[in-house]
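The values are calculated or read from the model by the stated rules, or taken from the named source; none is laboratory data. As the structure is a prediction and not an experimental result, all values here were calculated from the model. No Cβ is skipped: glycine too gets one built from the backbone with ideal geometry, and neighbour counts run over all protein chains shown.
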Amino acid sequence: MTADESQRENNMQVDHHDLHHEFPEMNDAINALKTGNAHFAKLFDSYHRLTGKVEDLEEHDMPVADFTIEDMKKQRVKLKDELYHMLLAFRAGQQSARA
């Protein structure tokens, strides 16, 4: 590997966006909802699959129209937002049950 190739590889490092990395403080809620809430589980799977596709495209520098990858990223943000609100509601329910 040449120095240029090595530098390009370092510059193309892909950030990972799985929910456990995005919201480490919510790991318990993520796990509970994945097993106890079918809607959350479906959204989680969709988010995970979409994240994998986006990361694959970025990691392998695959040719794809800019609007395609941007649409995928927007869809991922929308899913993440919905999942996050479900996590917050779950956490709020846990706290009110303790009170």
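Residue under question is A38, and the condition is that it be loosely packed, with under 15 Cβ neighbours inside 10 Å and not basic (K, R); does it hold? So A38 passes the test.
Considering only the range 33-72, state which residues are within 30 Å of G93 (Cβ to Cβ) and polar (S, T, N, Q). Passing the criteria: T35, N37, S46, T51.
Residues that are modelled with pLDDT under 95 and acidic (D, E) within the range 29-65 comprise E55, D56, E58, E59, D61, listed in sequence order. Residues considered: D61, D81, D45. Of these, the only one that is out of contact with any Phe, Trp or Tyr (no Cβ under 6 Å at 6 or more places or on another chain), over 14 Å from I30 (Cα atoms) and acidic (D, E) is D61. Among the residues examined, L87 does not qualify as in a helix (DSSP H, G or I), in contact with a Ser or Thr (Cβ under 7 Å, 6 or more places away or on another chain) and surrounded by 14 or more Cβ atoms within 10 Å (Cβ to Cβ). Among residues of the range 64-82 that are within 16 Å of L19 (Cβ to Cβ), those with a beta-carbon under 7 Å from a residue that is polar (S, T, N, Q) and outside any loop (DSSP other than H, G, I, E, B) at least six positions away or on a different chain give the pairs R76/T51; L79/S46.
Every test in (1) surrounded by fewer than 15 Cβ atoms within 10 Å (Cβ to Cβ); (2) over 16 Å from H85 (Cα atoms); (3) under 13 Å from the mean Cα position of the chain (by Cα) is passed by T51 save one, and that test is (1).
Residues that are of a type in the set (A, V, I, L, M, F, W, C) and in a helix (DSSP H, G or I) within the range 54-80 comprise V54, L57, F67, I69, M72, V77, L79, listed in sequence order. Annotation note: of T51, T35, the sole residue that is in contact with a His (Cβ under 7 Å, 6 or more places away or on another chain) and assigned to a helix (DSSP H, G or I) is T51.
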